[in-house]
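The values are calculated or read from the model by the stated rules, or taken from the named source; none is laboratory data. If you're wondering where the values come from, they're calculated on a predicted model, not measured in any experiment. Because the Cβ atoms are built from the backbone with ideal geometry, glycine has one as well, and the counts that use them run over all protein chains shown.
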Amino acid sequence: MAIRALISDFGGVLTTPLLGSFLAFQDQTGIPAETLGRAMQRIAERDGEHPLFELERGRLAEAEFLGLLREELEPDLGHEPELHRFSEIYFEALDPNEPMINLMRDLKARGYRMALLTNNVREWEPLWRAMLPVDEIFEVVVDSAFAGIRKPDPEIYELTLERLGGGIGPAECLFVDDVEDNIATARNLGMRAVHFRSNEQAISEIEAALG
């Protein structure tokens with residue numbers, strides 16, 4: 001069955017790798033990424049939900065998320081950490097991935113239906129939208145923080161298909177993401193998928209899938 005629609009991730013596909021943002025946060029705050037990860041895991045074990053995932057589902061406000069982290073990190077660090085610049089540092093270290101953005105623009109011009117499916121943060125919407133011409137390229141944008149569900153939950157993929165409309169089914173979609181779990185869900189639903197690892201690899205595989 002021919003591909004009619006492309007569904008793309010945002011961070012790590014249409015931007016430089018997200019790891020750079022977390023390393024920048026580590027460099028500027030002195031808080032090791034491992035320490036941050038352990039703090040979030042302890043919160044998850046205590047509260048039953050991972051705080052980052054709850055942030056991306058829109059169930060936690062950014063200020064609440066940072067407050068939880070601040071309290072959890074204080075015993076490890078011996079002082080209350082300054083986290084108020086988290087989003088500023090994160091986005092300062094992130095750049096648009098122009099080759100992939102140009103490909104998406106070209107696919108739109110070639111007549112493919114285009115959707116953006118992102119796990120994101122409600123308060124960050126103006127920041128990430130400012131990085132690329134979202135509405136010029138994508139007719140559908142599904143943001144986990146507003147949908148209340150996040151990848152790899154199948155429901156958010158199904159919601160994206162529903163919003164694309166036009167009777168487009170999973171087999172007519174090509175999904176692009178940099179996270180293996182997200183790719184696995186897309187394939188389980190019957191979508192074709194490209195696991196983004198580099199521009200050269202992803203662009204080649206996307207063009208091959210589109211025929």
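Scan the range 39-91 for residues that are surrounded by fewer than 13 Cβ atoms within 10 Å (Cβ to Cβ) and under 19 Å from the mean Cα position of the chain (by Cα) and the total you get is 1. Among the residues of the range 196-211, the ones that are touching a residue at least 12 places away in the same chain (Cβ under 8 Å) and not in a helix (DSSP H, G or I) come to 3 in all.
Of all the listed residues (GLU136, GLU123, GLU158, GLU162), the sole one being farther than 19 Å from ALA5 by Cβ and outside any strand (DSSP E or B) is GLU123. Scanning the range 168-182 for residues that are surrounded by fewer than 21 Cβ atoms within 10 Å (Cβ to Cβ) and either modelled with pLDDT under 95 or among the β-branched types (Val, Ile, Thr) (or both) returns ILE168, VAL179. Scanning the range 152-159 turns up at least one residue that is hydroxyl-bearing (Ser, Thr, Tyr) and either out of contact with any strand residue (DSSP E or B) (no Cβ under 6 Å at 6 or more places or on another chain) or surrounded by fewer than 21 Cβ atoms within 10 Å (Cβ to Cβ) (or both). For the range 111-127, the tally of residues that are under 19 Å from PHE175 (Cβ atoms) and touching a residue at least 60 places away in the same chain (Cβ under 8 Å) stands at 9. Going through the range 1-35 one residue at a time, which ones are of a type in the set (Ser, Thr, Tyr) and either within 19 Å of ALA186 (Cβ to Cβ) or modelled with pLDDT under 95 (or both)? SER8, SER21, THR29, THR35, listed by residue number.
Residues that are touching a residue at least 12 places away in the same chain (Cβ under 8 Å) and surrounded by fewer than 16 Cβ atoms within 10 Å (Cβ to Cβ) within the range 21-34 comprise LEU23, GLN28, listed in sequence order.
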